[in-house]
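Trainee: Following this message is one structure expressed as structure tokens.
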Amino acid sequence: MHNLALPHQEIRDEIGKLCADFPGAYWRALDRESAYPTEFVQALARNGWLAALIPEEYGGSGLPLSAAAAILEEIQRAGCNGGACHAQMYIMGALLRHGRAAQKSKYLPKIASGELRLQAFGVTEPGSGTDTTALKTTARRDGDDYIINGQKIWTSRAEHSDLLLLLARTTPREETKKRTDGLSVFLIDMQTVNGLTIRPIRTMMNHATTEIFFDDMRIPADTLIGEEGQGFRYILSGMNAERILIGAECIGDAKWFIEKATGYAKDRVVFGRPIGQNQGIQFPIAKAYARMRAAELMVGHATALFEAEMNCGAEANIAKMLAAEASWDAAEACVQTHGGFGFAEEYDVERKFRETRLYQVAPISTNLILSYLAEHVLGMPRSY
Ligand SMILES: Cc1cc2nc3c(=O)[nH]c(=O)nc-3n(C[C@H](O)[C@H](O)[C@H](O)COP(=O)(O)OP(=O)(O)OC[C@H]3O[C@@H](n4cnc5c(N)ncnc54)[C@H](O)[C@@H]3O)c2cc1C
């Protein structure tokens with residue numbers, strides 16, 4: 001594929017080398033067993049890649065968001081799955097931006113060294129779905145502690161994380177002026193609590209996602225991040241980074257599918273000529289490439305605004321939506337190009353096809369992005 005000058009080429013090369021040790025056979029074996037890629041995540045942590053965004057004073061490399069985007073894009077482009085650990089990159093923002101000095105010095109050096117894993121993020125609940133402020137999990141103050149009761153769903157990687165960033169209601173909704181008030185964020189060491197049950201959920205792809213239950217789970221009050229009642233704002237403030245990083249992953253996926261489809265189209269001979277000589281095969285791949293390039297520019301634009309500390313809400317959302325659609329278009333073209341072999345496990349196409357589908361739904365679904373643009377950018381009435 002045409003290789004344009006991309007930011008952080010050295011990082012990209014290093015990630016490419018690391019990922020070469022984790023070929024398709026590694027991911028296929030895990031996929032069959034719904035097992036977590038522990039060795040892959042440990043290799044990333046050992047080489048400091050998951051600490052890219054942690055400031056140097058806490059043992060990280062203090063790199064900008066574009067570096068994290070390059071890391072995740074290259075992981076996907078190599079056929080690996082950053083879904084196993086991407087949350088560490090964006091959950092960190094809540095602690096970095098809103099944590100107290102004591103919390104940062106307690107946790108960040110250990111996260112940077114890989115001693116502690118910060119991979120779990122508990123926001124979504126079965127009853128509230130996308131309507132986050134309707135969540136029902138409560139945190140009640142009791143002396144020097146909070147007591148947590150409730151349930152989360154789709155808390156990914158909870159079984160493979162030491163820490164959980166949790167959003168819970170500290171003031172009943174009817175006692176707050178605004179529905180976004182009264183929610184608080186806690187950073188919980190899951191290894192030290194009682195009253196926490198984690199149940200894996202089997203899904204279409206291997207994602208280590210779970211549902212978690214809190215039954216009078218007592219946590220120290222100093223696990224509160226920032227101010228009580230301001231948690232929804234803290235979560236929102238991290239969402240632009242999350243959207244951009246997921247967008248970068250989707251670009252990586254799209255490139256993997258396009259490279260795989262192009263290679264196969266050149267090699268596979270049917271009716272005495274490569275199938276890639278037929279425009280019916282070429283055009284969907286070329287179209288997917290064009291869509292990927294457009295989305296890639298948008299991801300780059302949103303990243304640049306983010307790094308310049310400018311408002312990038314619209315751009316981050318657009319980037320994520322277009323990149324998720326581009327990766328899906330490329331996945332479609334790749335399956336179709338492979339014919340029957342697109343369904344065979346050993347080609348990895350069907351696995352990546354299942355994996356990339358997620359990003360039109362999570363961490364935010366396309367409809368919610370469109371609603372955001374309609375209301376906040378185009379000034380139309382709020383639809384929900
Ligand atoms: C594999 C996986 C991993 C996940 N990991 C995490 C995680 O680690 N932590 C976490 O907190 N959450 C996680 N999630 C949850 C994810 O963020 C949500 O699934 C997603 O935000 C959609 O919410 P929902 O499933 O409740 O859908 P719902 O809110 O029930 O929506 C269902 C559908 O209706 C549409 N819809 C809803 N309201 C409107 C409206 N007003 N207008 C138009 N359309 C609407 C949505 O777009 C969607 O298509 C994960 C989900 C999955 C599947």
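Trainee: Tell me whether the stretch 39-48 contains one or more residues that are in contact with a Pro (Cβ under 9 Å, 6 or more places away or on another chain), open to solvent by 40 Å² or more (accessible area, probe 1.4 Å) and in contact (Cβ under 8 Å) with a residue 12 or more places away in the chain. Steps first, answer last, please.
Mentor: Taking the stretch 39-48 as the starting set, the residues that turn out to be in contact with a Pro (Cβ under 9 Å, 6 or more places away or on another chain) are none.
Within the stretch 39-48, not a single residue is in contact with a Pro (Cβ under 9 Å, 6 or more places away or on another chain), open to solvent by 40 Å² or more (accessible area, probe 1.4 Å) and in contact (Cβ under 8 Å) with a residue 12 or more places away in the chain.
Trainee: On to the next question. Given (1) within 16 Å of the ligand (Cβ to nearest atom); (2) open to solvent by 60 Å² or more (accessible area, probe 1.4 Å); (3) under 13 Å from I258 (Cα atoms), identify the lone condition not met by L378.
Mentor: Of the numbered conditions (1) within 16 Å of the ligand (Cβ to nearest atom); (2) open to solvent by 60 Å² or more (accessible area, probe 1.4 Å); (3) under 13 Å from I258 (Cα atoms), the odd one out for L378 is (3).
Trainee: Related question: Just checking, how many residues over the stretch 175-195 are open to solvent by 40 Å² or more (accessible area, probe 1.4 Å) and either within 16 Å of the ligand (Cβ to nearest atom) or within 21 Å of P126 (Cα to Cα) (or both)?
Mentor: Number satisfying all stated conditions: 1.
Trainee: Suppose the filter is away from the ligand (no atom under 12 Å from the Cβ), assigned to a loop (DSSP other than H, G, I, E, B) and either touching a residue at least 12 places away in the same chain (Cβ under 8 Å) or within 21 Å of G114 (Cα to Cα) (or both); does R218 pass it?
Mentor: Details: away from the ligand (no atom under 12 Å from the Cβ): yes; assigned to a loop (DSSP other than H, G, I, E, B): no; either touching a residue at least 12 places away in the same chain (Cβ under 8 Å) or within 21 Å of G114 (Cα to Cα) (or both): yes.
So R218 does not fit the description; no.
Trainee: Could you run through the stretch 101-113 and say how many residues are farther than 16 Å from H86 by Cβ and either touching a residue at least 40 places away in the same chain (Cβ under 8 Å) or surrounded by 22 or more Cβ atoms within 10 Å (Cβ to Cβ) (or both)? Write out each step before concluding.
Mentor: The initial filter retains those residues of the stretch 101-113 that are farther than 16 Å from H86 by Cβ, namely 101-110, 112-113.
Filter once more, keeping what is either touching a residue at least 40 places away in the same chain (Cβ under 8 Å) or surrounded by 22 or more Cβ atoms within 10 Å (Cβ to Cβ) (or both): 102-105, 107-109, 112-113.
Looking only at that region, the number is 9.
Trainee: Can you name every residue in the stretch 159-172 that is touching an Asp or Glu at 6+ places or on another chain (Cβ under 9 Å) and either charged (D, E, K, R) or open to solvent by less than 10 Å² (accessible area, probe 1.4 Å) (or both)?
Mentor: Across the stretch 159-172, the qualifying residues are D162, L163, L164.
Trainee: Within the stretch 13-30, track down each residue that is in contact (Cβ under 8 Å) with a residue 24 or more places away in the chain and open to solvent by 60 Å² or more (accessible area, probe 1.4 Å). I'd like the intermediate steps shown before the answer.
Mentor: To start, the set of residues in the stretch 13-30 that are in contact (Cβ under 8 Å) with a residue 24 or more places away in the chain comprises 14-16, 18-20, 22-24, 27-28, 30.
Hits for the stretch 13-30 are E14, A20, P23.
Trainee: While we're looking at this one, here's another question. For I251, indicate whether it is of a type in the set (A, V, I, L, M), open to solvent by less than 60 Å² (accessible area, probe 1.4 Å) and within 17 Å of the chain's Cα centre (by Cα).
Mentor: Numbers: of a type in the set (A, V, I, L, M): yes; open to solvent by less than 60 Å² (accessible area, probe 1.4 Å): yes; within 17 Å of the chain's Cα centre (by Cα): yes.
For I251, the condition - of a type in the set (A, V, I, L, M), open to solvent by less than 60 Å² (accessible area, probe 1.4 Å) and within 17 Å of the chain's Cα centre (by Cα) - is met.
Trainee: Continuing with the same structure: Somewhere in the stretch 51-73, is a residue farther than 15 Å from R351 by Cβ, touching a helix residue (DSSP H, G or I) at 6+ places or on another chain (Cβ under 7 Å), modelled with pLDDT of 95 or more and among the charged types (D, E, K, R)?
Mentor: Yes: one or more hits.
Trainee: Going by the structure shown, is L236 assigned to a helix (DSSP H, G or I) and buried (at least 23 other Cβ atoms within 10 Å of the Cβ)? Show your work before the answer.
Mentor: Working: assigned to a helix (DSSP H, G or I): yes; buried (at least 23 other Cβ atoms within 10 Å of the Cβ): no.
So L236 fails the test.
Trainee: In the stretch 64-75, is there at least one residue being crowded, with 24+ Cβ neighbours inside 10 Å, over 25 Å from L236 (Cβ atoms) and not aliphatic (A, V, I, L, M)?
Mentor: yes
Trainee: Could you look through the stretch 111-158, keep only residues that are among the basic types (K, R) and more than 10 Å from the ligand (Cβ to nearest atom), and pick out the one that is farthest from S34 (Cα to Cα)? Break it down stepwise before answering.
Mentor: Let us first name the residues in the stretch 111-158 that are among the basic types (K, R), namely 117, 136, 140-141, 152, 157.
Adding the requirement that they be more than 10 Å from the ligand (Cβ to nearest atom) leaves 117, 136, 140-141.
Numbers: R117: 20, K136: 30, R140: 36, R141: 38 Å.
Within the stretch 111-158, the match that is farthest from S34 (Cα to Cα) is R141.
Trainee: Now a separate question. For the stretch 196-218, which residues satisfy the criterion of being open to solvent by 30 Å² or more (accessible area, probe 1.4 Å), hydrophobic (A, V, I, L, M, F, W, C) and under 30 Å from E350 (Cα atoms)?
Mentor: Once the filter is applied, which keeps residues that are open to solvent by 30 Å² or more (accessible area, probe 1.4 Å), hydrophobic (A, V, I, L, M, F, W, C) and under 30 Å from E350 (Cα atoms), the stretch 196-218 yields I198, I201, M204.
Trainee: If I filter the stretch 132-150 for residues that are closer than 30 Å to A45 by Cα and surrounded by 16 or more Cβ atoms within 10 Å (Cβ to Cβ), do I get at least one hit? Let's see the steps before the verdict.
Mentor: To start, the set of residues in the stretch 132-150 that are closer than 30 Å to A45 by Cα comprises none.
Checking the stretch 132-150: not a single residue is closer than 30 Å to A45 by Cα and surrounded by 16 or more Cβ atoms within 10 Å (Cβ to Cβ).
Trainee: For P55, are the conditions met, namely being open to solvent by 60 Å² or more (accessible area, probe 1.4 Å), of a type outside the set (D, E, K, R) and over 18 Å from the mean Cα position of the chain (by Cα)?
Mentor: Values: open to solvent by 60 Å² or more (accessible area, probe 1.4 Å): no; of a type outside the set (D, E, K, R): yes; over 18 Å from the mean Cα position of the chain (by Cα): yes.
Taking the combined requirement at face value, the residue does not satisfy it.
Trainee: If I ask for residues that are touching a residue at least 24 places away in the same chain (Cβ under 8 Å), away from the ligand (no atom under 11 Å from the Cβ) and open to solvent by less than 30 Å² (accessible area, probe 1.4 Å), which ones from the stretch 329-372 would you list?
Mentor: Of everything in the stretch 329-372, those that are touching a residue at least 24 places away in the same chain (Cβ under 8 Å), away from the ligand (no atom under 11 Å from the Cβ) and open to solvent by less than 30 Å² (accessible area, probe 1.4 Å) turn out to be A330, A331, A333, C334, T337, H338, D348, V349, R351, K352, T356.
Trainee: Something else about it: Taking the conditions exactly as written (more than 25 Å from I364 (Cα to Cα), small (G, A, S) and surrounded by fewer than 21 Cβ atoms within 10 Å (Cβ to Cβ)), does S34 satisfy them or not?
Mentor: Details: more than 25 Å from I364 (Cα to Cα): no; small (G, A, S): yes; surrounded by fewer than 21 Cβ atoms within 10 Å (Cβ to Cβ): yes.
When the stated conditions are applied, S34 does not pass them.
Trainee: Within the stretch 366-384, count every residue that is hydroxyl-bearing (S, T, Y) and in a helix (DSSP H, G or I). First the steps, then the outcome.
Mentor: Of all residues in the stretch 366-384, those hydroxyl-bearing (S, T, Y) come to 366, 371-372, 383-384.
Those left that are additionally in a helix (DSSP H, G or I): 366, 371-372.
Qualifying residue count, the stretch 366-384: 3.
The values are calculated or read from the model by the stated rules, or taken from the named source; none is laboratory data. None of the values given here were measured: they were computed from a predicted structure. As a convention, Cβ positions derive from the backbone with ideal geometry for all residues, glycine included, and neighbour counts pool all protein chains shown. Just so you know, the surface numbers come from the protein's heavy atoms only, side chains and all, with ligands and any DNA or RNA stripped out. Shrake-Rupley method; radii C 1.70, N 1.55, O 1.52, S 1.80 Å.
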